[in-house]
Amino acid sequence: MSKNRSSPHAFSSLTLAIPALMMLCAVDAKAEDDYVIYSPMVTQGETEVELRGYQMSAGNPALDRSGSFGVAAAYSPTSWWKSELYTGPFDYSPTLDPVRRGYEWENIFQLADHGEFWADPGLLVSYVQSNLPGVPNAMEITPLLERNTEEYVQRLNVVFQKLLGVSWMGRFNTRTSYMADYKLSEEFAPGIEAYYFPTDNTHQVGPGFSGEWSYAAHRTLEYSGALLYGIYQGYVARSLVFRVSTVF
């Protein structure tokens, strides 16, 4: 739940390309630890430590009560750039010990001042390092959009992933996430979350919520979560998602 930030006007022209990128969502996707929806807004000098994860209920007994969790630390050295290191996710199931999938280095670039456009634009550039045999590393480019008013907040992320070490001529994997929350108060905002993963049909939608508390000078606890239901039966029936972070 970032507030008004400033960013270089040199980035503003890049926002014209974002609507075109949104039209490319018909290509394949790979669902991983993707239950997170990023804001494009950046606060200079801000440090954040985050824990996030999910557990799912599946029609397949081998997947039932399995899930994932991970920890991230972020810092914003400028008013337009936020850098984050995410370790994990750690996958788990009732029959197996947690397995660390790898880590991810994420960089969010705020592309315009808050309110300069109808929706605030940003760009997330990520490098995904795999820790699993036979699973390649990847690069991800994610246009970010946010509409944040006194009454509600909406966010749309569209991820374009390219696997490294394989043919660069192939299509990008994609996935899309969307959220909309109504601000009853700063502490609690109910809404919805939706996720679109074209390849494995784990399209999900359900009620969500978010909020933040100031618990000390210049320190904030932020949280969000969702209970997501699979649109297609037989793979993932439900997913319980949680995220909590401290910002200082």
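The values are calculated or read from the model by the stated rules, or taken from the named source; none is laboratory data. Just so it is clear, the structure is predicted and the values come from calculations on it, not from any experiment. Backbone-built Cβ (ideal geometry, glycine too); neighbour counts: all protein chains shown.
Things worth noting here:
- Criterion applied to 152, 178, 196, 182 was being under 28 Å from residue 119 (Cα atoms) and touching a Cys at 6+ places or on another chain (Cβ under 9 Å), and the one residue passing it is 196.
- Residue list for region 41-96, restricted to those being over 30 Å from residue 237 (Cβ atoms), β-branched (Val, Ile, Thr) and assigned to a loop (DSSP other than H, G, I, E, B): 42, 43, 78
- Going through (1) acidic (Asp, Glu); (2) surrounded by 15 or more Cβ atoms within 10 Å (Cβ to Cβ); (3) assigned to a loop (DSSP other than H, G, I, E, B) one by one, residue 146 falls short only on (3).
- Filter result for residue 135 (assigned to a strand (DSSP E or B) and aliphatic (A, V, I, L, M)): no
- Any hit, region 124-137, residues being touching a residue at least 40 places away in the same chain (Cβ under 8 Å) and more than 20 Å from residue 48 (Cβ to Cβ): no
- Test for residue 81: is it within 14 Å of residue 43 (Cβ to Cβ) and under 17 Å from the mean Cα position of the chain (by Cα): yes
- Residue 122 over 25 Å from residue 68 (Cα atoms) and either assigned to a strand (DSSP E or B) or among the aliphatic types (A, V, I, L, M) (or both): yes
- Filter result (in a strand (DSSP E or B), free of Cβ contacts under 8 Å to residues at least 40 places away in the same chain and surrounded by 14 or more Cβ atoms within 10 Å (Cβ to Cβ)) within region 192-210: 192, 194, 204, 205, 206, 208, 209
- Applying the condition of being within 12 Å of residue 58 (Cβ to Cβ), buried (at least 19 other Cβ atoms within 10 Å of the Cβ) and not hydroxyl-bearing (Ser, Thr, Tyr) to region 211-248 and asking which residue is modelled with the highest pLDDT yields 230.
- Filtered residue count, region 217-230, keeping only those that are hydrophobic (A, V, I, L, M, F, W, C), under 20 Å from residue 49 (Cα atoms) and either free of Cβ contacts under 8 Å to residues at least 24 places away in the same chain or in contact with a helix residue (DSSP H, G or I) (Cβ under 8 Å, 6 or more places away or on another chain) (or both): 1
- Checking residue 64 against (1) in contact (Cβ under 8 Å) with a residue 40 or more places away in the chain; (2) farther than 26 Å from residue 165 by Cα, the condition it does not meet: (1)
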